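J.: For reference, the structure I am asking about is given below.
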Amino acid sequence: MGATSSSPDHTITGILGSRLDPQWHDRLHHMEHHGGIDLVRLDTRDLSRRRLRVTSESGADCMIALARDEPLFDGAVLFADEAHAIVLKVNLERWLRLRPTSAEDALALGYAAGNLHWRVRFRGKDLEVAMEGPEQGYLDRIPDLIESGAVIVVAEETSSA
Amino acid sequence: MDTIDNIPAAETGTKPLGAARVGIGGPVGSGKTALIEQLLVHLAKRSISTAVITNDLVTAEDAERLRKGGAIDPARVLAVEAGACPHTVIREDPTLNIIAADQLDRLYRDLELTIIESGGDNLASTFSLDLVDWWIFVIDVAGGDDIPRKRGPGVLQCDLLVVNKVDLAPHVGVDLGRMLEEARSVRDGRPVVATNCRSGENVAAVADAIAEAVLVAR
């Protein structure tokens, strides 16, 4: 193959284990005490990728290239030598919480969310939308519902991925 | 100090990786197939083993065009007939395309890159990351300089936005500089490349971006 534009510091073609695995837990703990743990942070949506180029918190350029049946997950150990390891950390997911003020408004909001292919979950009588961009970008898609007061924005929340 | 043993030798996986999968989507007539035709030339020059999957509604028109183009072994071009909305087979249920890509991985053990071209769609079209690792959205100058301002999910969410047919800007009254500036603005600075896929202008930059993002040196 022709050369990539620049060579990564690490090419990761397999996940070594989970930080929760007993055999890794103690070793990572030891490395952590000696400043040997580096993190790669990803958003939830990026976990589906099998090829991606990311920069770790300490600036290491990592090319992740996994087999199709090997998923990324929070706590995946991507690289390790005797003193250092790179571990995947999934960013907290941001949710936009929307509260319809009537059953009719709930139907309209549900229709809009489906039509816009938003990823949603339900919390009580509220609808929560997983945000993969700025909040305003989502509100701009349902201006009539927001401006009329048919749907109220509840304070943003975060949750573990 | 604790002893550290039994740590695997770091960075080597044992499973076959298969090819990287890159999606190319965008509105009808924006130049997706033309971009692929030009990309194939650049990728061949770099000796990158490539295959293509095209998606058409009920024909194999785009696949035939690429097969006849001479830039790729015709056997390395597969056609998926979507039979319905183009975004359905790249987002809601990409099974047909996944099967085709898996088939190419089995057929060509040296395969490094599979390009998956969506059928022409609208600005809301996006790829599932279960199907592709990275994706490009192609819009064109002649479609109107207001396209970036419409903030369609395709424009906002793609990994690389290609603004094609830049040569037409003076003929259709488009301020190209402003269009590109607005495109970068709505994408919060994520990459935008301006191309003319008829002449090949700036297609090398698209090939560079693909290599940088998903290709692994073997």
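J.: How much of the calculated P(r) for the stretch B:78-154 lies past 16 Å, in percent of all Cα pairs?
T.: Roughly 54 percent, once rounded to a whole number.
J.: Add -39500 (n - 2.57) for each DSSP H run of 4 or more in chain A, then divide by its residues: what number comes out at 222 nm, to the nearest 500 deg cm²/dmol?
T.: Rounded to the nearest 500, it is -6000 deg cm²/dmol.
J.: Between A:Ile64, A:Trp118, B:Thr33, whose Cα lies farthest towards the positive end of the dipole of the protein assembly as shown when Lys and Arg beta carbons carry +1 and Asp and Glu beta carbons carry -1, centred on the Cα centre?
T.: Farthest towards the positive pole: B:Thr33.
J.: Translational diffusion coefficient of chain A at 4 °C, 1.567 mPa s, Stokes-Einstein with Kirkwood Rh over Cα pairs, in µm²/s as a whole number.
T.: In µm²/s, the coefficient is 71.
J.: Pairs of Cα atoms under 8 Å, at least six residues apart: use those to get the relative contact order of chain B, whole percent.
T.: Reported relative contact order: 25 percent.
J.: Once you have the alpha carbon radius of gyration of the stretch B:130-218, what is it after dividing by 2.2 N^0.38 Å, with N set to its residue count?
T.: Working it through for the stretch B:130-218, the quotient is 1.10.
J.: Moving to a separate point now. Put simply, what bits of the stretch B:200-218 lose 10 Å² or more of accessible area when the other protein chains are there, versus the chain on its own (1.4 Å probe)?
T.: Residues meeting the cut-off: B:Asp208, B:Ala211, B:Glu212, B:Ala213, B:Val214, B:Leu215, B:Val216, B:Ala217, B:Arg218.
J.: For the protein assembly as shown, build the convex hull from the C-alpha positions and give me its volume per residue in Å³.
T.: It is 154 Å³ per residue.
J.: How much accessible area per residue does the stretch B:18-215 have, counting only protein heavy atoms and a probe of 1.4 Å, in square angstrom?
T.: Averaged over the residues of the stretch B:18-215, the accessible area is 38 Å².
J.: Among B:Ala213, A:Gly133, A:Val54, flag the residue with its Cα farthest along the positive direction of the charge dipole of the protein assembly as shown, charges on Cβ as +1 for Lys/Arg and -1 for Asp/Glu.
T.: Projecting each Cα onto the dipole axis, the largest value belongs to B:Ala213.
J.: For the protein assembly as shown, what number of Lys pairs, 8 or more residues apart or on separate chains, have alpha-carbon atoms under 23 Å from each other?
T.: So the count of such lysine pairs works out to 7.
J.: To continue, here is another question. Can you list the residues in the stretch A:86-117 whose accessible area drops by at least 20 Å² when all protein chains are present, compared with the chain alone? Use a 1.4 Å probe, heavy atoms only.
T.: Those residues are A:His117.
J.: Before I look further, what does chain A give for accessible area per residue, probe 1.4 Å, in whole square angstrom?
T.: Here the per-residue accessible area is 50 Å².
J.: Further question: Which value, in square angstrom to the nearest 100, describes the accessible area buried between chains A and B on both sides, using a 1.4 angstrom probe?
T.: Interface between A and B: roughly 3600 Å².
J.: Could you give the size of the charge dipole of the stretch B:37-144 about its Cα centre, using +1 on the Cβ of each K and R and -1 on the Cβ of each D and E, expressed in debye and rounded to the nearest 20?
T.: Dipole size: approximately 420 debye.
J.: For chain B, what is the charge dipole size about the Cα centre, in debye to the nearest 20, if Lys and Arg each add +1 at the Cβ and Asp and Glu each add -1 at the Cβ?
T.: In debye, rounded to 20, chain B gives about 380.
J.: Right, next: Hey, got the dipole for chain A? About the Cα centre, +1 on K and R Cβ, -1 on D and E Cβ, debye to the nearest 20?
T.: Here the size comes out at about 360 debye.
J.: Ignoring ligands, DNA and RNA, what percent of the accessible area of chain B is carbon or sulfur (1.4 Å)?
T.: Of the solvent-accessible surface of chain B, carbon and sulfur hold 52 percent.
J.: What are the equivalent ellipsoid semi-axes of chain B, built from the alpha-carbon gyration tensor (square roots of five times its eigenvalues), in whole angstrom, biggest first?
T.: Calculated on Cα positions only, the semi-axes equal 30, 22, 17 Å.
J.: Just subtract the alpha-carbon distance of A:Ala103 and A:Phe122 from 0.36 nm times their residue separation and send over the number in nm, one decimal.
T.: 5.4 nm
The values are calculated or read from the model by the stated rules, or taken from the named source; none is laboratory data. Everything numeric here is computed off the predicted structure, so don't read it as measured data. Using ideal geometry, Cβ is built from the backbone for each residue, glycine included, and neighbour counts are taken over all protein chains shown. These accessible areas exclude ligands, DNA and RNA; they are computed on the full protein's heavy atoms, side chains included. Shrake-Rupley method; radii C 1.70, N 1.55, O 1.52, S 1.80 Å.
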